[in-house]
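So the structure is just underneath, and the comments pick up after that.
Rule-based calculations on the coordinates, nothing more; no lab input. None of the values given here were measured: they were computed from a predicted structure. Counting neighbours? That spans all protein chains shown, and the Cβs are built from the backbone with ideal geometry, glycine included.
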Amino acid sequence: MAGGGGKPFGDNVFAGHAAAGAAAISASAVAVHPLDTVKSLLQLSAAGQKQKMGLRQAVDRLMLVSGPAGLYNGIGWSILGKLPGLGARFGTYELLTAFYKDGREDNHVNYSEAMLAGITAGAVEAFVCTPFELLKLRSQVGSAIPMKATNPANVIQESFPLLSKLLPGYVPDIRVWNSSVSLLSNLSPKHPDMMGALKQHPWILTGSGKPPLPSDVQVPLRVIALEGWGALWRGLRPGIARDCVFSGMFFSCWQFIHTAMLTWRSVNMNPEPRNLEEAGPVPPLASSLAAGFSGVVAAAASHTFDTAKSRSQCTVIPKYIAMERRFLKWRAPGMWIERMTGTTPADRNVLFRGIGLRMARSGIASFVLVGSYYLAVDQLL
């Protein structure tokens with residue numbers, strides 16, 4: 001490796017930075033996944049009950065059902081989603097800021113430009129990450145739900161042969177089904193087996209039962225079979241709102257702190273530099289601390305949308321019910337801002353649940369991400 005100085009990637013700068021980024025993303029995901037799991041359980045704990053699950057109750061239930069290993073349920077989906085997601089976020093941001101800096105002498109980016117670039121980068125990240133976050137979230141929910149000894153869907157499969165094919169995991173309510181059939185029995189049937197014919201219509205089945213738990217629909221094939229391909233991007237609207245706010249606040253705050261540190265350094269230099277670029281790079285530890293603080297601020301600003309997205313992705317909606325809603329032109333409840341961002345009026349009182357855990361998670365993840373990236377680059381290049 002000529003000119004590589006014994007480094008693993010030598011002069012291959014792109015491969016070295018890609019490997020450093022992958023290592024940093026994996027390290028940050030592993031470091032904060034337990035906080036993310038508990039945060040998700042708090043966000044999803046019963047919204048309609050007077051006594052909601054607290055932090056201690058959530059941890060005790062998780063330990064009772066899954067043990068310490070349950071804290072890392074869904075870690076694989078988290079890493080798989082963050083690798084392209086964070087790559088898209090930082091890549092889009094760098095492309096846009098390069099456009100802003102083109103032709104400038106000092107390569108300086110204004111705070112407003114950093115925010116606009118971050119908002120665009122967040123929208124790209126949300127589209128890329130949403131399917132992986134859905135699967136990760138449902139795996140996390142499974143860590144606090146005991147496994148059932150028997151599957152009710154298998155018990156009634158003989159009575160509803162079409163159920164396992166069209167609605168896998170769906171559990172019909174026999175009492176409601178019989179009531180529906182008795183109401184239709186007053187009509188003069190021309191079909192020799194009207195009850196058997198009704199069982200061939202998924203709309204009748206979905207109206208007389210309940211969907212499975214989110215933890216039972218956490219495998220991609222089951223999600224697609226029961227809810228359709230579009231379910232992989234459920235929660236995209238609150239996800240875009242969350243990631244746009246998070247990335248805009250993160251990059252603008254980070255740029256502000258970065259500029260403040262360079263300005264402070266340039267004041268004590270003699271002679272005083274002509275621009276901030278001549279003040280030299282910010283130390284890796286200082287840059288990591290700035291990223292951690294920016295992550296805390298961004299998480300606080302975007303947490304309500306994170307709760308809305310988590311609750312949306314843990315709602316199992318069979319594809320035939322979604323089709324009915326499209327036929328009936330069903331309109332989501334709430335004000336226009338709630339419909340635009342994917343939040344619901346029923347969740348207004350729980351939107352701030354877990355905000356402390358998410359602020360801690362984002363701060364630690366951002367600190368570890370930037371710090372481990374600098375460390376990996378130093379070792380690989």
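How big is the dipole moment of segment 231-381 about its Cα centre under a simple scheme where the beta carbon of each Lys and Arg is +1, that of each Asp and Glu is -1, and everything else is neutral? Debye, nearest 20, please.
1140 debye
Eigenvalues of the Cα gyration tensor times 5, then square-rooted: what semi-axes does that give for segment 270-322, in whole angstrom, largest first? Before the final figure, lay out the partial values.
Numbers: eigenvalues 431, 27, 17 Å².
Semi-axes (√(5λ), whole Å): 46, 12, 9.
Just how far, in whole angstrom, is segment 16-92 from segment 107-142 if you go by their alpha carbon centroids?
Between the Cα centres of segment 107-142 and segment 16-92 lies a distance of 15 Å.
Could you order the peptides 370-376, 245-251, 310-316 from most to least packed, using the average number of other C-beta atoms within 10 Å per residue?
245-251, 310-316, 370-376
State, to one decimal in nm, how far the label point of Met269 lies from the label point of Leu328, with both points 7 Å from Cα in the Cβ direction.
Label-label distance for Met269 and Leu328, simple model: 6.6 nm.
Summing +1 for each Lys or Arg and -1 for each Asp or Glu, what net charge is found among the other residues whose Cβ lies under 12 Å from the Cβ of Val109?
So the surrounding residues net to -3.
Compute the whole-percent fraction of alpha carbon pairs in segment 329-381 spaced more than 14 Å apart.
Value for segment 329-381: 70 percent of Cα pairs lie more than 14 Å apart.
Within segment 225-310, list the trypsin sites (Lys or Arg not before Pro) lying in a DSSP loop whose Cβ has at most 13 other Cβ atoms in a 10 Å radius.
Taking segment 225-310 and a limit of 13 other Cβ atoms within 10 Å, the loop trypsin sites (Lys or Arg not before Pro) found are Arg274.
Put +1 on the Cβ of every Lys and Arg and -1 on every Asp and Glu Cβ in segment 78-133; which of Ala117, Leu83, Gly103 then has its Cα farthest towards the positive end of the dipole?
Farthest towards the positive pole: Leu83.
Just how large is the dipole of segment 78-130 about the Cα centre, in debye to the nearest 20, putting +1 at every Lys and Arg Cβ and -1 at every Asp and Glu Cβ?
In total the dipole reaches around 220 debye.
Take each of the peptides 109-115, 359-365, average the number of other beta-carbon atoms within 10 Å over its residues, and list them starting from the highest. All intermediate terms of the calculation are to be shown ahead of the outcome.
Details: 109-115: 17.1, 359-365: 21.3.
Final packing ranking: 359-365, 109-115.
Ranking request for peptides 278-288, 77-87, 34-44: highest mean number of other beta-carbon atoms within 10 Å first, then the rest in descending order.
The most tightly packed comes first, giving 34-44, 77-87, 278-288.
Under a crude label model (7 Å from the Cα following the beta-carbon direction), how far is Val219 from Ala69 in nanometres?
My value for the distance between the label points is 1.8 nm.
Quickly work out the Ser182-to-Ala286 label distance, labels modelled 7 Å from Cα along the C-beta direction, and quote it in nm with one decimal.
7.8 nm
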